[in-house]
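Notes for the one structure printed next.
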Amino acid sequence: METCRKILISGLESLNLPVSEDKVGQLLSFIKLLEKWNKAYNLTAIRDREDMVRLHLLDSLSIAPFIEGKRVIDIGTGAGLPGIPLAIYLPEIMFVLLDSNAKKTRFVQQAILELKLKNVSVCHNRVEQYHPEKGFDTAITRAFASLSDIVELTAHLLSKDGVLLAMKGQAPDVPRIESATTTLIPVNVPGITAERCLVRIQLIKESEVS
């Protein structure tokens, strides 16, 4: 894991994130868990540890500066990405990791237990069927549908001033979304040449529309 450690530390420095031995240790333990469970559960197509550091850990942590508020939901978290790396790095923020795949939520629950993460809970549900008692300040999702469809499916999860962060690869043509303002944010992931970006979507409150 020494090469993984070097890639991770170098990447954290490139992202201007503080290098903490505790956090580095937890992140590498997460990769070990993912590698172990992946053999039986096929959680990710990425098999190489070093690629996991770049494409899972650093890719997830590259959006840390754009997280807003104290309550965050990771929609369609899969194997806990980007939610678990972000929760390790942002222990003061509460994360809910949502996915409809029971196999993946079982792994995420085990990772939360083994990594002793106190600020994370996992929810096995479909996004449209999940209705939290309190809205989230930030909702994160990998862009699984058109942006307007994503807004329609996730708007009920956001607090009054909540924002949606849609993670995408190549910069899309951002469509005009009714009752929302959209901002395209380029994201650089250390060690990855492929293009990455975030679409930040802020819903416009009814009082601002009228």
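Observations on the structure shown:
- Virtual spin-label span in nm between Gln170 and Asp51, 7 Å along Cα→Cβ: 2.1 nm
- Neighbours of Leu90 by Cβ distance under 13 Å: Lys/Arg scored +1, Asp/Glu scored -1, total 0.
- Phi to ³J(HN,Hα) by Karplus 6.51 cos²θ - 1.76 cosθ + 1.60 over the stretch 87-101, Hz, x for Gly, Pro: 5, 5, 7, 10, x, 7, 9, 8, 10, 10, 10, 10, 7, 8, 8
- Restricting the GluC sites (Glu not before Pro) of the stretch 127-192 to loop positions (DSSP other than H, G, I, E, B) with no more than 13 neighbouring Cβ atoms within 10 Å leaves Glu133, Glu178.
- Stokes-Einstein D in µm²/s, Kirkwood radius over Cα pairs - the stretch 2-209 at 25 °C with 0.890 mPa s viscosity: 141 µm²/s
- Pair Ile192, Lys103: separation of 7 Å Cα→Cβ label points (nm): 2.3 nm
- Sequence-distant contacts, meaning Cα pairs under 8 Å at least 6 residues apart, place the relative contact order of the chain at 17 percent.
- Simple label model, 7 Å out from Cα along Cβ direction - Asn42 to Gln110, nm: 1.7 nm
- Low-density loop positions, trypsin sites (Lys or Arg not before Pro), the stretch 115-159 - DSSP coil, at most 13 other Cβ in 10 Å: Lys116, Lys118, Arg126, Lys134
- Within the stretch 45-93, the trypsin sites (Lys or Arg not before Pro) that combine a DSSP coil assignment with at most 11 other C-beta atoms in a 10 angstrom radius are Arg47.
- Each of Phe66, Phe144, Phe95 was scored by other Cβ atoms within 10 Å of its Cβ. Arranged with the fewest first, they read Phe144, Phe66, Phe95.
- Enclosed volume per residue, in Å³, of the convex hull spanned by Cα atoms of the stretch 96-175: 114 Å³
- Ranked by how many other beta carbons lie within 10 Å on average, peptides 73-84, 99-110 from highest: 73-84, 99-110
- Using the Cβ-Cβ distance between Ser10 and Glu133 with R0 set to 30 Å, the FRET efficiency works out to roughly 0.10.
- Semi-axes of the equivalent ellipsoid of the stretch 1-107 are 20, 19, 10 Å, computed as sqrt(5λ) over the eigenvalues of the C-alpha gyration tensor in descending order.
- Looking at the chain, the DSSP beta bridges with both ends there are about 40 percent antiparallel.
- Think of the chain as a dipole: +1 on every Lys or Arg Cβ, -1 on every Asp or Glu Cβ, centred on the Cα centre; then among Asn42, Ile73, Phe95, Asn42 lies furthest on the positive end.
- Partners for Lys39 among lysines (Cα-Cα distance below 20 Å; same-chain residues under 8 apart left out): Lys103, Lys104
Here, each number is a calculation from the coordinates, and none is a lab measurement. What you are looking at is a predicted structure, and each value in this text was computed from that prediction instead of being measured. Cβ: placed from backbone, ideal geometry, glycine included. Neighbour counts: every protein chain shown.
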